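The values are calculated or read from the model by the stated rules, or taken from the named source; none is laboratory data. Note that the structure is predicted; figures quoted are calculated from it, not measured. Positions of Cβ are backbone-derived with ideal geometry, glycine not excepted, and every protein chain shown enters the neighbour counts.
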């Protein structure tokens, strides 16, 4: 649904090898500390997967990260070939996958509960505070809403629901290209302090880097807030009881997640883990609270 910046989706062919199975030694997890985390190329998932790897590697786990597309991720968890997926959007966005696989996976809980699809403008755009204001001020934005990929769920929602609801058809056009292009246009407009209106979502690092405001949605066209769940393969809780307790209690707020995503974006491609490790060191109190109860593997 939410493609991210400068990361190509990889098509993954189901591998013959499984996830973290087998007996551990030295009083560790039954899974032996070997853990495969599947992640999709959405900013919040890239951030969380690398943050967990950074923290778990320090505690004696052997964490492998696999980047997949959305459908293969759910399939891999259901088949036991991936142990953990941390970015299940429920109850709406990933509802089809949940209905298909809910009896083959374990819902390990919610770590973020304000995931929303939004239309945003820079805060200096003073006369537009609601989606209902767009029609009157369409000329301010050149009649354009700067959007993302044509196949994105938000793109379909804006075209088929939001724009008709607010009478924007024939007045404004949704410019479809890519998330990268949208963010580049947003950055350029803000540098020049020009008006721009974009499709965006929470959580996203843009809210940490720029002073933005989400337009009010009195008609509810963009939908309700969703929850981000962590999903484990069948047997995850039994094989990783200590880690499961950590996961069930894990939370991140907008500020923490936005700062982490922004740090990863600024570090650049290939430096995601290094950036996550550095962020964890700079936020040691947060990490100690989240992971402090987790015993070191083999201890």
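Within the stretch 172-194, the set of residues being crowded, with 18+ Cβ neighbours inside 10 Å, within 25 Å of residue 135 (Cβ to Cβ) and under 19 Å from the mean Cα position of the chain (by Cα) comprises just one member, 182.
Conditions (1) within 28 Å of residue 255 (Cα to Cα); (2) part of a helix (DSSP H, G or I); (3) free of Cβ contacts under 8 Å to residues at least 60 places away in the same chain, marked per residue:
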| site | (1), (2), (3) |
| --- | --- |
| 148 | yes, no, no |
| 159 | no, yes, yes |
| 185 | yes, yes, yes |
| 190 | yes, yes, no |
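Taken over the stretch 44-69, residues that are farther than 20 Å from residue 297 by Cβ, at pLDDT below 95 and surrounded by fewer than 21 Cβ atoms within 10 Å (Cβ to Cβ) amount to 2. Are any of the residues in the stretch 77-85 closer than 25 Å to residue 249 by Cβ and in a strand (DSSP E or B)? So far as the stretch 77-85 goes, yes, one or more of its residues are closer than 25 Å to residue 249 by Cβ and in a strand (DSSP E or B).
Results for (1) buried (at least 16 other Cβ atoms within 10 Å of the Cβ); (2) touching a strand residue (DSSP E or B) at 6+ places or on another chain (Cβ under 7 Å), shown as yes or no for each residue.
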site	(1), (2)
215	yes, yes
231	yes, yes
262	yes, no
270	no, no
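Determine, yes or no, whether residue 285 is in contact (Cβ under 8 Å) with a residue 24 or more places away in the chain and assigned by TED's automatic domain parsing to the domain that holds residue 48. Taking the combined requirement at face value, the residue does not satisfy it. In the stretch 129-152, the residue that is farthest from the chain's Cα centre (by Cα) out of those that are buried (at least 18 other Cβ atoms within 10 Å of the Cβ) and closer than 19 Å to residue 202 by Cβ is 131.
So residue 104 passes all but one of these: (1) at pLDDT 95 or above; (2) surrounded by fewer than 17 Cβ atoms within 10 Å (Cβ to Cβ); (3) out of contact with any helix residue (DSSP H, G or I) (no Cβ under 7 Å at 6 or more places or on another chain). Which condition number does it fail? Only one criterion is unmet by residue 104, namely (3).
Yes/no matrix, rows are residues, columns are (1) within 22 Å of residue 298 (Cβ to Cβ); (2) outside the structural domain of residue 192 (by TED's automatic domain parsing):
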position	(1), (2)
208	no, no
219	no, yes
230	no, yes
233	no, yes
236	yes, yes
239	yes, yes
242	yes, yes
246	yes, yes
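All of 180, 244 fail the test of being over 30 Å from residue 295 (Cβ atoms) and either touching a residue at least 60 places away in the same chain (Cβ under 8 Å) or assigned to a helix (DSSP H, G or I) (or both), apart from 180.
Of the residues in the stretch 127-135, none is over 26 Å from residue 208 (Cα atoms) and out of contact with any strand residue (DSSP E or B) (no Cβ under 9 Å at 6 or more places or on another chain). Put simply, of 287, 230 the only residue that is touching a helix residue (DSSP H, G or I) at 6+ places or on another chain (Cβ under 7 Å), part of a strand (DSSP E or B) and on the phi < 0 side of the Ramachandran plot is 230. Filtered by the rule that a residue be over 21 Å from residue 142 (Cα atoms) and assigned to a helix (DSSP H, G or I), the stretch 192-212 gives 206, 207, 208, 209.
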